[in-house]
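The values are calculated or read from the model by the stated rules, or taken from the named source; none is laboratory data. Computed from a predicted structure; not experimentally measured. With ideal geometry, Cβ positions are generated from the backbone for all residues, glycine too; neighbour counts draw on all protein chains shown.
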Amino acid sequence: MIIVLKPGTKKEEYDHVIDRVKEYGFKPHPIVGEERTVIACVGDERDKTQLHQLESLDYVESVVPILKPFKLASKETKPRSVVKVGNIEIGNSQFVVMAGPCSVETKEQILLSAEQVKKAGAHILRGGAFKPRTSPYSFQGLEEEGLKYMAEAREKTGLPFVTEVIQPGDVALIEKYADMFQIGARNMQNFALLKEVGRAKKPVLLKRGMSSTYKELLMSAEYIMSQGNYNVVLCERGIRTFEDYTRNTFDLTAVPALKELSHLPVIVDPSHGTGVRSLIPPMAKAAIPVGADGLIIEVHPNPEKAFSDGAQSLTPDQFGALMNDLKRYAPLENKHL
Ligand code: PEP
Ligand code: MN
């Protein structure tokens with residue numbers, strides 16, 4: 001249920017509503033807008049009749065149900081949201097580009113990558129220190145050492161960084177270093193992990209599972225938000241289909257569809273979405289007219305020698321050329337880089 005307060009509601013009146021909501025067994029999630037405050041109340045909907053009584057208060061404009069099962073992520077609670085990563089805003093007029101290697105491999109490799117993507121105009125550095133690999137014999141990541149190198153890269157370039165968390169026990173450690181958590185496709189429904197990042201303070205990049213629907217992705221966002229962390233960015237990264245020319249089938253329909261259903265920013269990952277280097281620039285450019293708020297892309301100083309995902313990593317030169325194209329395309333959708 002959503003309680004809509006009238007403009008000009010006083011602090012004591014707001015507190016009174018919050019107390020009543022808790023007393024009725026619901027968890028209040030205030031959403032403060034420019035004109036008015038609404039309080040999303042989440043709990044067992046069978047007890048919602050009591051919440052309706054609050055409509056009798058002068059300063060309550062209305063008490064209305066949220067029809068979607070993803071309550072806090074739903075567009076019904078808010079028209080749009082902006083998520084801050086360091087000093088970068090995702091969901092506003094900037095088309096935000098996150099770039100860097102699949103994995104943090106050595107200190108030199110991540111420092112050089114950071115410098116190269118920064119020079120090309122990227123806004124956020126990406127790099128995995130904890131890698132969820134299909135084979136237990138593949139490179140698993142440098143773990144905390146990798147986080148330290150990324151922090152050093154941030155110091156040198158000023159780029160905030162996003163990195164993947166693969167288990168709940170690592171959340172506190174990663175939060176000490178990173179500017180944004182990444183929840184990977186394989187962990188989209190790891191509910192213990194979602195709840196743990198939901199209790200953390202840093203923003204979360206939530207990737208769509210490779211066989212998940214839009215609604216399932218939004219229910220996973222809801223898990224994070226239900227714990228109090230509302231700073232979630234959704235990411236389309238391709239799904240499994242019968243097509244085998246590409247690594248995944250990159251579903252750009254997800255962008256406008258998710259934006260119809262939710263207020264959360266949406267970015268895309270054409271690197272994992274296609275898995276084919278030549279297909280990444282055209283699909284990255286296509287993200288702009290469908291309404292994406294940005295993209296995440298793999299770039300490696302020497303893709304041939306990459307420990308993971310070399311075949312889908314752009315060279316720094318290819319990335320530079322793509323950034324120039326994106327700068328020309330963004331104004332068509334009233335965005336800038
Ligand atoms: C990654 O970003 O390197 C990654 C493992 O992505 P995904 O979870 O989308 O496969
Ligand atoms: Mn990768």
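Given (1) closer than 16 Å to Lys119 by Cα; (2) not in a loop (DSSP other than H, G, I, E, B), where does Pro301 come up short, assuming only one miss?
(2) is the only condition that Pro301 fails.
Among the listed residues Gly169, Gly198, Gly141, identify the single one that is modelled with pLDDT of 95 or more, under 30 Å from Gln94 (Cα atoms) and either buried (at least 16 other Cβ atoms within 10 Å of the Cβ) or not aliphatic (A, V, I, L, M) (or both).
Gly198
Looking only at the stretch 150-166, count how many residues are in a helix (DSSP H, G or I) and crowded, with 23+ Cβ neighbours inside 10 Å. Walk me through how you get there before you give the answer.
So the first thing to find is which residues in the stretch 150-166 are in a helix (DSSP H, G or I), and the list is 150-157.
Then keep just the ones that are crowded, with 23+ Cβ neighbours inside 10 Å; that gives 150, 153.
The total comes to 2.
Each row is one residue, and each column tells you yes or no for (1) outside any loop (DSSP other than H, G, I, E, B); (2) among the aliphatic types (A, V, I, L, M).
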position	(1), (2)
Leu142	no, yes
Glu145	yes, no
Gln182	yes, no
Leu194	yes, yes
Leu217	yes, yes
Glu222	yes, no
Met225	yes, yes
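Counting only residues that are of a type in the set (Gly, Ala, Ser) and out of contact with any helix residue (DSSP H, G or I) (no Cβ under 6 Å at 6 or more places or on another chain), which one in the stretch 185-219 is nearest to ligand 1 (Cβ to nearest atom)?
Ala185
Residues of the stretch 114-143 being within 25 Å of Ile267 (Cα to Cα) and more than 22 Å from the chain's Cα centre (by Cα), which ones?
Hits for the stretch 114-143 are Glu115, Gln116, Lys119, Ala120, Thr134.
Please name all residue pairs, on different chains or six or more residues apart, with Cβ atoms under 7 Å, provided the first residue is in the stretch 158-173 and is in the same structural domain as Leu194 (by TED's automatic domain parsing) and the second residue is acidic (Asp, Glu).
Filtered contacts from the stretch 158-173: Pro160/Asp179; Phe161/Asp179; Val162/Asp179; Pro168/Glu196; Val171/Glu196; Leu173/Glu144.
Since Val276 meets every condition but one in (1) within 16 Å of ligand 2 (Cβ to nearest atom); (2) without any contact (Cβ under 8 Å) to a residue 24 or more places away in the chain, which condition does it not meet?
(2)
Only one residue in Val21, Val117 is in contact (Cβ under 8 Å) with a residue 24 or more places away in the chain, within 16 Å of ligand 1 (Cβ to nearest atom) and buried (at least 22 other Cβ atoms within 10 Å of the Cβ), so which one is that?
Val117
How do the pairs read when you match residues in the stretch 68-85 that are free of Cβ contacts under 8 Å to residues at least 60 places away in the same chain with residues anywhere that are part of a loop (DSSP other than H, G, I, E, B), using Cβ under 8 Å and keeping only pairs 6 or more apart or on different chains?
none
For the stretch 207-218: of the residues being more than 16 Å from ligand 2 (Cβ to nearest atom) and under 12 Å from Val232 (Cβ atoms), which is surrounded by the most Cβ atoms within 10 Å (Cβ to Cβ)?
Step by step, filter the stretch 207-218, then rank; the result is Leu217.
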